[in-house]
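Some notes on the structure that comes next.
The values are calculated or read from the model by the stated rules, or taken from the named source; none is laboratory data. Since the structure is predicted, the reported quantities are computational estimates derived from the model, not experimental observations. For neighbour counting, all protein chains shown are included, and Cβ atoms are generated from backbone atoms with ideal geometry for every residue, glycine included. The area values use the complete protein model at the heavy-atom level, side chains included, leaving out ligands, DNA and RNA. Shrake-Rupley method; radii C 1.70, N 1.55, O 1.52, S 1.80 Å.
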Amino acid sequence: MFLGHFAVGLAGKKLVPRVSLGTLFLSVQLVDLLWPTFLLLGLEHVRIDPVSTRMTPLDFYDYPLTHSLVAMLAWGALFGLGYFATRRGKREALVLGLGVVSHWLLDLLVHRPDLPIWPGGPLFGLGVWNSAPGTIALEVGTFAIGTFWYLKATEAADRTGTFALWGLIAFLMLIWLGNLAGEPPPNVDAIAWVGQAQWLLVLWAYWVDRHRVTRQ
């Protein structure tokens, strides 16, 4: 799941218009932003296995600190409480906290049974990644819906607000298509370092939102 997570962030703008798209992206992708660092530190592990599923060459066999349901509930609570402590928005803090947890629910749809409920606990996953048409329909469908709701919630304040948004949408699509068509990564360190680049997408989203205003 890639586009689907960003779709939730885009759609969230309709629920909490005062929250920047960058903060929404940070919430829905928080665990995937932490995961590369945990890989580099040796706290979590992944194997490159081109036959793991039809849609990803990665075998996620050990990532309980970021991708177990209990861990995501904890990360979501921390993120929501952190936002409330600094901005005092109860509704916004709740939506952002749930945005973190939404990551597990969306991953549950596509992953094979490798998502733990708690570290060392039972594993779940519905395995949509085993179907190329199913994966494509799910990713593109959710991304289209998320984009639609973001456009319903905001309008460009200037030309940058238009071009920056559509540039971000196109870039996310290109990354996703590249992952589908590209070769498996050469090693785990490469996965971790490329994963760090996702922080740039969060910064891009902050830039987009600075040039858009909430629709009345």
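Figures for the structure shown
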{"quantity": "Selection status of Thr37, hydroxyl-bearing (Ser, Thr, Tyr), at pLDDT below 95, over 27 Å from Ala164 (Cα atoms) and open to solvent by 30 Å² or more (accessible area, probe 1.4 Å)", "calculated": "no"}
{"quantity": "Count of region 84-102 residues which are more than 13 Å from Val16 (Cα to Cα) and either surrounded by 16 or more Cβ atoms within 10 Å (Cβ to Cβ) or touching a Pro at 6+ places or on another chain (Cβ under 7 Å) (or both)", "calculated": "4"}
{"quantity": "Condition met for Ala181 (closer than 15 Å to Leu58 by Cβ, aliphatic (A, V, I, L, M) and modelled with pLDDT under 95)", "calculated": "no"}
{"quantity": "Residue in region 159-169 that is closer than 21 Å to Leu30 by Cα, under 18 Å from the mean Cα position of the chain (by Cα) and open to solvent by 60 Å² or more (accessible area, probe 1.4 Å) present", "calculated": "no"}
{"quantity": "Options Met55, Met72, Met1; residue that is under 13 Å from the mean Cα position of the chain (by Cα), more than 27 Å from Arg215 (Cα to Cα) and in a loop (DSSP other than H, G, I, E, B)", "calculated": "Met1"}
{"quantity": "Selection count where residues are among the polar types (S, T, N, Q), more than 23 Å from Leu34 (Cβ to Cβ) and in contact with a helix residue (DSSP H, G or I) (Cβ under 8 Å, 6 or more places away or on another chain), scope region 191-216", "calculated": "1"}
{"quantity": "Candidates Ala7, Ala11 - the one that is at pLDDT 95 or above, in contact with a Gly (Cβ under 6 Å, 6 or more places away or on another chain) and open to solvent by 10 Å² or more (accessible area, probe 1.4 Å)", "calculated": "Ala11"}
{"quantity": "Single unsatisfied condition, Thr147 versus (1) among the polar types (S, T, N, Q); (2) touching a Ser or Thr at 6+ places or on another chain (Cβ under 7 Å); (3) surrounded by 19 or more Cβ atoms within 10 Å (Cβ to Cβ)", "calculated": "(2)"}
